[in-house]
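First comes the structure, then the notes that go with it.
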Amino acid sequence: MEQRQQRKASKQWDWSQFLNKSLVKKLIIAGIIVALCGLLVVNIFIWSSDVSKLNKPAPQPTIIYDQNGEIASKISNSNIEGVGIKQIPEEVIHAVVATEDQRFYKHGGINYFAIMKAFVKNMLSGDIVAGGSTVTQQLAKNAFLTHERTYTRKIKELIITKKIERTYSKDEIMERYLNQIYFGEGAWGIQRAAKTYFGKEASELTLSESAMLAGLIKAPSILSPFKNMEKSIERRNLVLSLMEQEGYVSASDVKKAKEQPVVLNEEEVEDEYDGKYPYYVDHIIEEAMTKYKLTKNEILSGGLHIFTELNPTIQKATEEVYQNDNLFPASQSDQLLQSGAIFIAPESGGIQALVGGRGEHTLLGFNRATQLVRQPGSTMKPLSVYTPALEQGYQVFDLLQDSPLNIGGYQPKNFDKQYRGEVTMYDAVVNSYNVPPVWLLNEIGLEQGTKSVERFGISLQEEDHSLGIALGGMHEGTSPLLMAQAYSAFANDGTMAEAHSIQKIEDADGKVIAKWKNKSTKVTDPEIAQKITYMLKGVVQEGTGKKAFMDGIDIAGKTGSTQLPFANDAGTKDHWFVGYTPNIVGAVWLGYDQTDETHYLGTSSSGTTPVIFKEILSKAKSELSDEKFDLSGIEKKYKNEIKKIKEEKEKARKEQEKEKEKQEKNNGKGKGNKEKNKGKKDKDDEDENEEDEDKDDEDE
């Protein structure tokens with residue numbers, strides 16, 4: 001009986017095992033079918049993909065519109081000067097392969113190991129931070145897709161990549177890649193890059209030059225030898241090492257290439273960008289890339305429609321002024337004195353106009369209006385000292401100390417090396433004295449000043465947390481763009497709108513793909529902003545900014561200059577003027593790109609940047625309203641206080657004159673006449689000295 005039960009149980013177990021095996025087989029078969037169907041679908045997508053565009057690159061121009069919706073400029077990279085694969089040296093190809101895609105000749109367009117590595121990295125980070133793209137994938141991305149970081153876009157990229165690999169040979173793929181990639185300095189494609197950087201045909205490039213150009217692909221703006229030779233050579237050497245590692249060159253070849261001197265092209269290269277308002281367009285491209293994550297290729301060849309804040313009248317005025325050399329101090333023969341200017345609407349933060357340099361323009365070259373980083377000098381005083389002091393309860397007419405100061409070894413001096421004992425805050429601002437703001441910052445506390453600067457949107461480094469910030473002393477500095485943005489708070493009742501140039505971006509089909517969202521920050525109270533404006537208006541009416549004064553237009557502003565990095569009391573490194581009307585804010589910087597013992601500014605800022613500012617506004621006067629600063633009761637209150645101070649000074653002066661006359665009478669008529677004439681001469685000299693002091697503004 002027991003044996004029968006065991007046999008029965010055994011049969012049941014066998015039947016269960018059979019069912020399990022059958023299910024596994026079915027699942028395997030079903031999996032194979034699904035995989036085959038998936039493979040079929042993928043291949044259908046690959047087969048149906050159209051990559052014929054690569055036969056003849058035909059990028060669509062991007063159209064730029066001004067604030068009125070009118071066409072302002074057009075940009076395109078359609079002037080690519082293509083070259084055949086036989087005209088491209090093997091060194092260039094090997095350098096690109098060693099740097100960008102070491103398995104280019106071994107894979108079928110996709111490096112699965114790199115993709116898996118990137119996938120794991122993305123999963124760990126919880127976001128898409130890595131790509132693992134091959135040269136073919138980069139070509140697919142640049143020619144056919146946007147650069148958004150999504151898995152959907154990545155799948156499309158893989159499908160198009162496989163179609164490209166099935167349609168073109170490796171040499172054809174490499175040829176198209178090298179003819180479309182951007183090498184910086186306005187150079188699209190290897191041929192233009194060879195001419196731009198080395199003044200030669202692509203076929204004439206040496207191993208060293210090939211490695212340097214291949215190294216630029218990663219970050220052309222940063223690694224350009226025209227901007228940073230040291231970084232460019234460091235990158236070139238890395239490419240050479242990778243080429244040696246991959247077996248393309250020998251150690252001796254690498255040594256010879258490193259020893260070869262880098263001779264850059266000094267001749268003028270024709271700029272492919274022929275559109276209007278080049279510096280403004282440069283900033284649009286940079287903003288589209290940084291804020292809206294578009295790439296250069298998408299912008300320059302995507303047929304986009306970009307609507308901007310550009311005011312064509314102010315932009316034209318700015319460009320005309322920057323083309324007039326008579327408005328700028330003379331340059332040294334071997335280096336052009338540079339400058340940058342930017343104008344912003346204070347309520348919206350919309351960039352109305354900008355010019356990023358003097359001389360020849362290069363597409364996406366260095367923009368001194370937006371990318372320059374320099375110490376701002378005395379233009380920092382309203383941000384770091386006077387705003388927080390007013391917030392702490394100080395008043396415009398309060399007396400500040402103006403006597404020799406030594407705080408932990410820091411000894412600021414006024415530009416004229418004189419001290420006045422005590423001065424009002426108003427006088428300190430108007431005449432750009434240096435000692436009073438340092439004393440005042442020390443009184444209210446350094447932290448109050450640094451927090452104020454950061455509220456105005458200017459980032460500080462650890463080294464900037466010192467009393468030198470009162471006079472604009474910074475480890476690196478800031479830009480005209482950020483200074484204009486900061487001062488816009490004074491013109492907008494204490495509220496600062498983020499500066500921007502783009503309103504919206506539409507694709508070639510008219511679909512909105514990016515749109516500006518207003519970002520405003522309350523920096524200080526309206527009353528504080530009005531008090532600062534009152535003082536800065538005085539700077540233009542009777543102080544160091546007098547040369548920015550315009551009849552009928554309310555202008556407030558601040559001059560600034562910085563010390564030279566070497567001993568020379570007669571010169572300055574940077575000149576600034578940041579000024580505003582009720583409806584426009586502007587910042588102007590002037591200086592040499594490379595300051596040394598023979599390249600510096602020999603005049604004060606009061607006679608340079610305010611003049612440039614005024615000339616631009618004069619040419620754009622039709623865009624300026626007759627609106628006055630709304631200082632309401634503050635102006636009346638301060639007028640009364642300053643009137644009182646002036647009356648006291650006048651009373652003291654008259655009493656001194658009476659005392660002198662009394663002494664003269666006591667000394668006799670003849671002697672009295674002699675002393676009287678001498679006194680008159682001394683007074684004339686004193687008046688003349690005071691007039692000269694008003695003209696000077698060598699701020700620390």
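Some notes on this structure:
- Stretchable slack from Glu447 to Lys74, in nm (0.36 nm times residue separation minus alpha-carbon distance): 129.5 nm
- Net charge of neighbours whose Cβ lies under 13 Å from the Cβ of Asp593, counting Lys and Arg as +1 and Asp and Glu as -1: +2
- Long-range amide H partners of Thr562 with built H, under 5 Å: Lys573, Asp574
- Residues with amide H under 5 Å from that of Ser73, placed H, sequence gap 5 or more: Ile64
- Theoretical gain in end-to-end length, Ile645 to Lys621 [0.36 nm per residue, Cα-Cα removed]: 5.1 nm
- Per-residue Karplus couplings for region 244-253, computed as 6.51 cos²θ - 1.76 cosθ + 1.60 with θ equal to phi - 60°, are listed in order as 5, 4, 8, x, 7, 9, 8, 4, 5, 4 Hz, Gly and Pro entered as x.
- Ranked packing of 493-499, 218-224, most packed first, by mean Cβ within 10 Å: 493-499, 218-224
- Scanning residues 5 or more positions from Thr478 or on other chains, those with amide H under 5 Å from its amide H are Arg374, Gln375, with H placed 1.01 Å from N in the peptide plane.
- Extension gain from Asn265 to Glu422, taking 0.36 nm per residue of separation minus the Cα-Cα distance: 50.8 nm
- For region 331-343, Karplus couplings with θ = phi - 60° (6.51, -1.76, 1.60), whole Hz, Gly/Pro x: 8, 6, 5, 9, 7, 7, 5, 9, 6, x, 9, 9, 10
- Gap separating the Cα centres of region 303-370 and region 189-229, nearest whole Å: 27 Å
- For region 223-237, the Karplus equation 6.51 cos²θ - 1.76 cosθ + 1.60, evaluated at θ = phi - 60°, returns couplings of 8, 4, x, 5, 9, 8, 4, 4, 5, 5, 5, 4, 5, 4, 5 Hz by residue, with Gly and Pro reported as x.
- Applying both filters, DSSP loop and at most 11 other Cβ atoms within 10 Å, to the GluC sites (Glu not before Pro) of region 523-605 gives Glu597.
Quick note: the coordinates plus some simple rules give every number you see, no bench work behind them. All values reported here derive from a predicted model rather than from experimental measurement. Every residue, glycine among them, receives a Cβ derived from its backbone with ideal geometry; neighbour counts consider all protein chains shown.
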